[in-house]
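A.B. asks: My questions all concern the structure below.
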Amino acid sequence: MANIKICLDAGHYGKYNRSPAVPEYYESDMNWKLHLMLKARIEEYEGVEVILTRENQETDKTLFDRGCTSEGCDLFLSIHSNAVDDFVHEDVDYPKSIVQLDGRGDKLGLMLGECVKELMGTKQDVLLFKREHQGGEYYGVLRGAAAVGTMGIILEHSFHTNTKMTKWLLDDNNLAKAAKAEAEVIAKYFGLKKKA
Ligand SMILES: [Zn+2]
């Protein structure tokens with residue numbers, strides 16, 4: 001019996017957000033790979049069910065609908081890498097956790113951000129971030145998650161406008177490490193135990 005239900009969301013679809021630092025890198029590809037790896041790792045724990053917001057990478061769905069997919073879940077987590085703009089910025093590398101205005105995602109958001117910082121070896125500290133728009137959530141996926149009562153977090157895996165960080169994210173072995181470590185953080189937060 002699953003007690004905890006988690007909805008994972010891969011940011012963007014198709015080929016989206018190409019890195020100006022390492023042209024082979026598309027943020028959408030990394031997000032898709034990592035969220036599948038993370039699903040498999042979370043499923044190594046007992047009493048947890050993981051769903052995804054989309055069946056394939058090519059299909060788009062509105063941000064709000066993606067958030068709403070998490071109805072009945074304990075967590076909505078959207079996977080991303082960040083960008084300063086369309087140019088290379090080697091001095092900017094902080095992990096960023098965007099959490100909802102009510103503050104309930106602060107603790108897990110910070111834990112996940114710290115996990116990314118340690119894994120990727122960012123120079124800058126984690127930024128825990130909230131943004132309000134007209135009395136509600138600014139970000140569509142978090143607005144959707146909030147509409148169905150789910151704690152929502154957008155996790156930015158450093159910046160694909162930074163060469164070192166982008167190369168790190170292009171390596172599937174690193175993504176596998178990230179999936180394992182982030183699953184451990186989520187398991188710790190919800191008190192999940194590994195399957196025998
Ligand atoms: Zn993104």
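A.B. asks: What is the diffusion coefficient of segment 51-94 in µm²/s, taking the Kirkwood radius over Cα pairs and the Stokes-Einstein relation at 20 °C with a viscosity of 1.002 mPa s?
C.D. replies: The estimated diffusion coefficient comes to 163 µm²/s.
A.B. asks: Give me the base-10 log of I(q)/I(0) for segment 39-150 at each q in 0.19 Å⁻¹, Debye formula, one uniform scatterer per Cα, rounded to two decimals.
C.D. replies: With no solvent term, the Cα-only Debye profile gives -1.19.
A.B. asks: Determine the sum of side-chain charges near ILE98: Lys and Arg each +1, Asp and Glu each -1, restricted to other residues whose C-beta is under 13 angstrom from that of ILE98.
C.D. replies: In short, -1.
A.B. asks: Return the subset of LYS15/LYS107; LYS123/LYS188; LYS39/LYS61; LYS96/LYS164 for which the Cα-Cα distance in this structure is over 23 Å, preserving the input order.
C.D. replies: The pairs that break the limit, which is 23 Å between Cα atoms, are LYS15/LYS107; LYS123/LYS188.
A.B. asks: Where does the chain land at 222 nm, in deg cm²/dmol rounded to the nearest 500, when only DSSP H runs of n ≥ 4 count, each adding -39500 (n - 2.57), divided by all residues?
C.D. replies: About -11500 deg cm²/dmol.
A.B. asks: In what sequence do MET151, MET111 fall when counting other Cβ within 10 Å, fewest first?
C.D. replies: MET111, MET151
A.B. asks: May I ask for the longest run of the chain untouched by GluC sites (Glu not before Pro) that are loop-located per DSSP and have at most 11 neighbouring C-beta atoms (other than their own) within 10 Å?
C.D. replies: Formally, the longest exposed-site-free interval is 59-196.
A.B. asks: Would you mind calculating the gained length between ASP60 and TYR189 on full extension (0.36 nm times residue separation, minus the Cα-Cα distance), in nm to one decimal?
C.D. replies: 43.4 nm is the gain from fully extending ASP60 to TYR189.
A.B. asks: Then there is this: Sequence-distant or interchain residues sharing an amide H contact under 5 Å with SER158, placed H: which?
C.D. replies: For SER158, whose amide H was placed from the backbone, the distant partners under 5 Å are ASN82, LYS96.
A.B. asks: Mean separation of Cα pairs under 8 Å and 6+ residues apart, divided by the residue count of the chain: what relative contact order is that in percent?
C.D. replies: The normalised contact order for the chain reaches 30 percent.
A.B. asks: Once you have the Cα-Cα distance between ALA40 and LYS15, take 0.36 nm times their residue separation minus that, and quote the gain in nm to one decimal.
C.D. replies: 6.7 nm
A.B. asks: Between GLU49 and ASP172, what is 0.36 nm times their sequence separation minus the Cα-Cα distance? Round to one decimal in nm.
C.D. replies: So the chain would gain 41.9 nm between GLU49 and ASP172.
A.B. asks: Another question about this same structure. In segment 30-132, what chymotrypsin sites (Phe, Trp or Tyr not before Pro) fall in a loop by DSSP, with at most 14 other Cβ atoms inside 10 Å?
C.D. replies: PHE87
A.B. asks: Averaged over all directions, how much area does the convex hull of the C-alpha atoms of the chain cover when projected, in nm²?
C.D. replies: Quarter of the Cα hull surface area: 10.4 nm².
A.B. asks: Here's a follow-up. Which value, in debye to the nearest 20, describes the size of the charge dipole of the chain about its Cα centre when Lys and Arg Cβ atoms bear +1, Asp and Glu Cβ atoms bear -1, and nothing else is charged?
C.D. replies: Its charge dipole is roughly 420 debye.
Read-outs: derived from the displayed coordinates by stated rules, not from any lab. Remember, predicted model here, so these are calculated numbers, not experimental data. Because the Cβ atoms are built from the backbone with ideal geometry, glycine has one as well, and the counts that use them run over all protein chains shown.
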